[in-house]
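Notes follow once the structure below has been shown.
The values are calculated or read from the model by the stated rules, or taken from the named source; none is laboratory data. This structure is a prediction, so every number in the text was calculated from the model and none was measured. Cβ coordinates were reconstructed from backbone atoms using ideal geometry, including for glycine residues, and neighbour counts include every protein chain displayed. With ligands, DNA and RNA removed, areas are computed over all heavy atoms of the protein, side chains included. Shrake-Rupley method; radii C 1.70, N 1.55, O 1.52, S 1.80 Å.
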Amino acid sequence: MNASNVWKADLYDDKLHYVSRFGKSIVGLLHSQKGERILDLGCGTGDLSYEISKSGALVTGMDSSDEMIAKAREKYPSIPFFIGDGETFRTNEKYDAVFSNAALHWMKNAEKVVESIEQALLPDGRFVAEFGGKGNVQTVIWGITEVLGQEYGVDAAKRNPWYFPSIGEYSALLEKCGLNVTYAHHFLRPTVLPDGEKGLYHWLAGFADDFFPEFSEGEKMVLYGKIKDKIEPYLWKDGVWEADYSRIQIIAVKAS
Ligand code: BEZ
């Protein structure tokens, strides 16, 4: 994940817990087996590492945020967790599978990430991941871009911390790095943000900080209100915020 994004582990667990809840679908595609060694890349506070460990697999969690890792260790003391950067990490141990949910879109140098994943896998090892695909949260990004551009003269595109590829783009990258794609699915998943009216504010505070580095907390509340006004006609539906999520689920196998 982007180091400049300060992760708030408590906010993540309290208000953004749906990230792990939705991730259970990609855990299903992992089909982890007892005794398999699995690396959970971008594990956050460890909920899905724990979910995978229920199969008897030997899971290790990795995240770039020391705050997330500290919380994961506190919640799941029997699972090993370490701090690592998805773009540069190397592991001594080789894994039967590298798993990742809702993390890869934070790593803009996707080629370096895939190279690291390939290095971490055993021959025939699999990579199973879900992350934001092309068009993900595009209405929210549009709202941020409009407000920052029109009112503050800031080019939001230069601050965008996310990488949302198409299946074609990402599959080409995997194949270039020695991973053969066996499954790929790109789908819309409109996502209700918990907490009614406050849902959008929690989302912006938890995920979109990279767009607003020079603003105080008070100024951010004003900005959030302006973004809300822009996107309300499209994403505020029957008393809830429904963010326009679009996901890629992908499986690839390391060539032996
Ligand atoms: C996502 O899970 O798609 C996502 C989360 C936060 C920011 C951007 C995308």
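Tabulated data for the structure shown
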{"read-out": "Percent RCO, i.e. relative contact order, over the chain, from Cα pairs under 8 Å lying at least 6 residues apart", "value": "22"}
{"read-out": "Positive dipole terminus of the chain, leading residue within I38, S20, I227 (C-beta point charges)", "value": "I38"}
{"read-out": "Length-normalised contact order for the range 98-191 - Cα pairs under 8 Å, 6+ apart - percent", "value": "35"}
{"read-out": "On Cα atoms only, tilt of 18-30 relative to the major axis of the chain in degrees", "value": "30"}
{"read-out": "With at most 14 other Cβ atoms within 10 Å, longest stretch of the chain clear of loop GluC sites (Glu not before Pro) (DSSP)", "value": "94-213"}
{"read-out": "Charged-residue dipole, Cβ positions (Lys, Arg, Asp, Glu), the chain about Cα centre, Debye nearest 20", "value": "600"}
{"read-out": "Simple spin-label estimate for E151 and S78 in nanometres, 7 Å along Cα-Cβ", "value": "5.0"}
{"read-out": "Other-chain or far-sequence residues with amide H under 5 Å of F82's (modelled H)", "value": "G61, M62, D63"}
{"read-out": "Pair K134, E219: separation of 7 Å Cα→Cβ label points (nm)", "value": "3.6"}
{"read-out": "Residue among S216, S32, S55 with the largest mean-square fluctuation in a Gaussian network model of the chain, springs linking Cα atoms under 10 Å", "value": "S216"}
{"read-out": "Distance from the range 228-256 to the range 97-116 (C-alpha centre basis), Å", "value": "18"}
{"read-out": "P(r) of the chain over all Cα-Cα pairs, binned every 10 Å from zero, in whole percent", "value": "7, 31, 36, 20, 6, 0"}
{"read-out": "Cβ charges +1 (Lys, Arg) and -1 (Asp, Glu), total dipole of the range 144-233, debye", "value": "260"}
{"read-out": "Accessible area (Å², per residue) of the chain, counting only protein heavy atoms and a probe of 1.4 Å", "value": "43"}
{"read-out": "Phi to ³J(HN,Hα) by Karplus 6.51 cos²θ - 1.76 cosθ + 1.60 over the range 102-116, Hz, x for Gly, Pro", "value": "6, 10, 5, 6, 8, 10, 6, 8, 5, 5, 5, 5, 5, 4, 5"}
{"read-out": "Pair A255, V192: separation of 7 Å Cα→Cβ label points (nm)", "value": "4.7"}
{"read-out": "Accessible area of K134 in the full protein assembly, 1.4 Å probe (Å², nearest 10)", "value": "130"}
